[in-house]
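Here the structure comes first, spelled out in structure tokens, and everything after it is commentary.
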Amino acid sequence: MVEESTRLAKVFCQRNWPVFAFLDTHHPDKPEPPFPPHCIIGSGEENFVPALEWLENDPNVTMRRKDCIDGYLASFEKDGSNVFSEWVAKFQIKTVLVVGICTDYCVLDFVSSTLAARNIGRVPPLEDVVIYSEGCATFDLPVEVARSMKGALAHPQDLMHHMGLYMAKSRGAKIVDGILEE
């Protein structure tokens, strides 16, 4: 997933195409139930992985730190404007290509909200949301480990990745398993 995301980001930036990147970023005193603490400010987890750190300085990249699972919802400002919607409008984007982690949480929620917003005219001129399956991944939590953790549910990685893609497709996303560079 990281290799494919890096490859695509480099292609987009070399062609001066706009890139929108979300970074999960949480305050230590603001939990995100039902998830355990993660991507806490100052931990290093809230930053790009090393292979993608260069994105921070690329002029084609718009970064948005988000403190909730859903990037679309996290793009709202206090005045009601939406940074992601404004980005789509500014660059007249008709198709968004989505990659990321976790397929069945952050990717699915962002895609679902973006499609719903598109359906009610909140992200013009957006027409299509495409998920690149090889550019997404989710985590693995085996049953044996989940049983030893209070409140945890088993999370079989391959199945949940597939389920995230399935649910996104059922909501109107297009799923692709390859990207051609032309």
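Restricting attention to region 27-74, report how many residues are without any contact (Cβ under 8 Å) to a residue 40 or more places away in the chain and closer than 16 Å to Trp87 by Cβ.
Qualifying residue count, region 27-74: 1.
Return yes when Cys39 is modelled with pLDDT under 95, crowded, with 16+ Cβ neighbours inside 10 Å and not charged (D, E, K, R) and no when it is not.
Values: modelled with pLDDT under 95: yes; crowded, with 16+ Cβ neighbours inside 10 Å: yes; not charged (D, E, K, R): yes.
It is true that Cys39 is modelled with pLDDT under 95, crowded, with 16+ Cβ neighbours inside 10 Å and not charged (D, E, K, R).
Kindly state which helices (runs of 4 or more DSSP H) lie completely within region 63-164 and contain at least 2 residues that are among the aliphatic types (A, V, I, L, M) and open to solvent by 50 Å² or more (accessible area, probe 1.4 Å).
Correct list: 143-147.
Would you be able to tell me the number of residues in region 24-36 that are open to solvent by 50 Å² or more (accessible area, probe 1.4 Å) and within 22 Å of Val111 (Cα to Cα)?
Total satisfying the criteria: 3.
Here is a list of conditions, (1) more than 19 Å from the chain's Cα centre (by Cα); (2) touching a residue at least 40 places away in the same chain (Cβ under 8 Å), and Thr6 meets all of them except one; can you say which number that is?
It is condition (1) that Thr6 fails.
If you check Glu45 against the conditions, is it modelled with pLDDT of 95 or more and either of a type in the set (Val, Ile, Thr) or surrounded by fewer than 17 Cβ atoms within 10 Å (Cβ to Cβ) (or both)?
no
Mind checking whether some residue in region 13-23 is touching a Cys at 6+ places or on another chain (Cβ under 9 Å), open to solvent by less than 60 Å² (accessible area, probe 1.4 Å) and among the aliphatic types (A, V, I, L, M)?
yes
Would you mind finding the one in Val145, Val107 that is in contact (Cβ under 8 Å) with a residue 40 or more places away in the chain and out of contact with any His (no Cβ under 7 Å at 6 or more places or on another chain)?
Within the list Val145, Val107, the selection yields Val107.
For region 165-182, what are the residues that are open to solvent by 60 Å² or more (accessible area, probe 1.4 Å) and modelled with pLDDT of 95 or more?
Within region 165-182, Tyr166, Met167, Lys169, Ser170, Arg171, Lys174, Asp177 qualify.
The values are calculated or read from the model by the stated rules, or taken from the named source; none is laboratory data. Every value quoted in this text rests on a predicted model; they were computed, and no experiment measured them. All Cβ positions, even for glycine, are placed from backbone atoms using ideal geometry, and neighbour counts span all protein chains on display. Note: accessible area is taken over every heavy atom of the protein model, side chains too, but ligands, DNA and RNA are not part of it. Shrake-Rupley method; radii C 1.70, N 1.55, O 1.52, S 1.80 Å.
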